[in-house]
Structure formats: structure tokens, C-alpha cells
Amino acid sequence: MKIKLLLSALLIGLLVGCSSSVQLTKSWSDPSLNADTKPFNKVLVIAQLKDDSMRRIAEEKIVASSLRGNFVQSYNYLKPSEQEEKIVIANLTKDGIDGVILMRLTDIEKTTSYVQGSTYGWEYQGGYYGEYEYGYGFPGYYQENKTYYVETNIYDVKTNKLLWAGLISTTNPSKLDTTLDAIITTVKTELNNKGLIKKEEEVTKK
């Protein structure tokens, strides 16, 4: 796959629902990745979101997660006037950027589930002089669930090659910050395991 830096934008709406869960649904890595793989020196982060403020928030959080300080936001790096792929790659190489992280929302799946209600009936209080008390309960109800699928692709600038791809799902995310943090942690764990970025313990030892 080619590095496509200026793609069609997608709408993201993560501030919904109740509880949330984040998991890596699918992943793929290039067979060439092994124990001898050298981590990226500098990485450009692209959050492909329609809303500019959301894009900035996402990119800033990803950049802040790098203990090495070697992640660069695309929103203040890429120039709208420079859309030709060869020129963009030449600029990345000149600035020492050898990796690209591209994150985008690919799908929103809606499902409906039934939440069982609870009922408390009659309860007897005391002996023969006691009395019955009527209980209470909560009726069951149908709940709409939204599952967001976020695709993350990691490219090598020099070879213009896709090295890793992962699809992360999150159901009913309630807070943008915590959801992004969970997604970033999931992606970084995979990149650490593949040797594409240095492990945090290796950075903190220096």
C-alpha cells in the first residue's frame, strides 16, 4: 500500500453511551519484522478525522504518549499545498521522519440488546402479628449499542511499505480522553512487540 496523506475525512463521535471496552479485533504485520528490526527514529502521526479539533486532540495525545519525544503531529507539519506523494516523502526523509502512523475511523456498528429487569415481590415481616410489604422492581428495557472500529496503519517512509495494520473496536465509549488513551496503549503495545518503537522501560533507563 502507498502512503496516502490526504485522504477523504470521516466523522467521529466518541462521546456517547455508557461503559466502554477497547480491544484489538484484527492485526497484521509484515513478515520481515523480527528481533533485529530497528525502531523508528522519528514518527509522523496522522489522525484522519473530519473535525479539526478532534484531529488535534487525537494527534496531541498520541504525540504526548511518546517518552522519547520523537512523534510529530501532522496538523502543523503537512502543508495543503504539497499534495504530491514524492514531494511529501522527500520532505519526510529530509526531516528525519522514517515512520508514519495513520489512524482513522472505518465503521460504526449499531446493535440492540435487552437488559433484564429486576423485580422484588411480597415480603413477610414479623410473626403472626406481622404484615406483608410490597416490593419494587425495575422493568427490562432495550439498549442501543454502538461499536466503533478504528484502523491504525504503520508505514515505513523509506520503502513506502505497510509494516503493521490493526483494527481496534470500542463499544459504547463514554469519554473521548479515556477511549483514546486505551486505543493508544493497545497500538503502542503491538508496536513495542514488533520492535517498531522502543519499549518504555528502555527509554526510562537512559
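All of the numbers you see were taken from the coordinates with simple rules; none came from a lab. Everything numeric here is computed off the predicted structure, so don't read it as measured data. Cβ: placed from backbone, ideal geometry, glycine included. Neighbour counts: every protein chain shown.
Worth a mention:
- Exceeding the 21 Å Cα-Cα cut-off - candidates LYS50/LYS94; LYS94/LYS158; LYS42/LYS198; LYS42/LYS194; LYS42/LYS86; LYS61/LYS175: LYS50/LYS94
- LEU67 versus GLU144: modelled label distance in nm, points set 7 Å from Cα along the beta carbon direction: 4.3
- Extension reserve of the LYS26-GLU109 stretch, reckoned as 0.36 nm per residue once the Cα distance is removed: 28.3 nm
- Fully extending the segment from THR93 to GLN116, taken as 0.36 nm per residue of separation minus the present Cα-Cα distance, adds 2.6 nm.
- Taking a Cβ cut-off of under 12 Å around PRO31, the surrounding Lys, Arg, Asp and Glu residues balance to a net charge of +1, with basic ones at +1 and acidic ones at -1.
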